[in-house]
Amino acid sequence: MDMPSKGKVTRHSRVSWPLALSGGFQGSMTGRENTRFVCRIHGVHDTAAVEEWVKEFSEIGQHFELPIKGYSSGMKSKFSFAVSMAFDFDIYLTDEITSVGDARFRQKCIDVFTQKRQTASLIMVSHDMNTLRQQCDMGIVLQNGQLTLHDDIEDAIAVYQKL
């Protein structure tokens, strides 16, 4: 884990890992085993319901019972996003959430994510202005190492597009 070089990070909320990030999974473990592992990290002792939800949502079928090192990049993305959505967080971190799978699966991801957003906040990085407009009401623009907060997403987009 990287530590801040200055200052400190204080949080009082459950913060997700970056959605659909597959770097934390063990390639020699199956989808089911990786799901159980993440459940245990997050204090879920009865893992069966989460395992079944991830298997169904990811649409990877029997590959769920195989080591993830054999998954195609698309299968890994679907599996990773499904695991991310299997847990409730106060704040979700995401980078281009809608880039997972085909158009139908992307819509499925947007739908479940929109549902999660009813009770959670979002920190999103995206170059897709329409996605930002749909998901965000305020924005931060990073320029030359300086963050500028804009209370209105349209203001943030306007500043960003002038860069």
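Some notes on this structure:
- Residue in the stretch 117-124 that is under 18 Å from residue 53 (Cβ atoms), in contact with a strand residue (DSSP E or B) (Cβ under 8 Å, 6 or more places away or on another chain) and of a type in the set (A, V, I, L, M, F, W, C) present: yes
- Some residue of the stretch 104-122 being under 11 Å from the mean Cα position of the chain (by Cα) and of a type in the set (Ser, Thr, Tyr): no
- Considering 5, 28, the condition of being touching a strand residue (DSSP E or B) at 6+ places or on another chain (Cβ under 6 Å) and farther than 30 Å from residue 134 by Cα is satisfied by 28 alone.
- Flag if residue 98 is within 19 Å of the chain's Cα centre (by Cα) and at pLDDT below 90: yes
- The single condition among (1) without any contact (Cβ under 8 Å) to a residue 24 or more places away in the chain; (2) under 30 Å from residue 37 (Cα atoms); (3) part of a strand (DSSP E or B) that residue 142 does not satisfy is (2).
Per-residue answers, yes or no, for (1) in contact with a Leu (Cβ under 7 Å, 6 or more places away or on another chain); (2) of a type in the set (Lys, Arg); (3) over 18 Å from residue 16 (Cα atoms):
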| residue | (1), (2), (3) |
| --- | --- |
| 40 | no, yes, no |
| 46 | no, no, yes |
| 61 | no, no, yes |
| 68 | no, no, yes |
| 80 | yes, no, no |
| 83 | no, no, no |
| 90 | no, no, no |
| 95 | no, no, no |
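- Number of the condition not met by residue 75 [criteria: (1) within 30 Å of residue 29 (Cα to Cα); (2) surrounded by fewer than 16 Cβ atoms within 10 Å (Cβ to Cβ)]: (2)
- Taken over the stretch 80-124, the criterion of being surrounded by fewer than 18 Cβ atoms within 10 Å (Cβ to Cβ) and in contact with a Pro (Cβ under 7 Å, 6 or more places away or on another chain) is satisfied by 93, 95.
- Test: residue 46 is of a type in the set (D, E, K, R) and within 25 Å of residue 121 (Cβ to Cβ): no
The values are calculated or read from the model by the stated rules, or taken from the named source; none is laboratory data. What you are looking at is a predicted structure, and each value in this text was computed from that prediction instead of being measured. All Cβ positions, glycine included, derive from the backbone under ideal geometry; neighbour counts span all protein chains shown.
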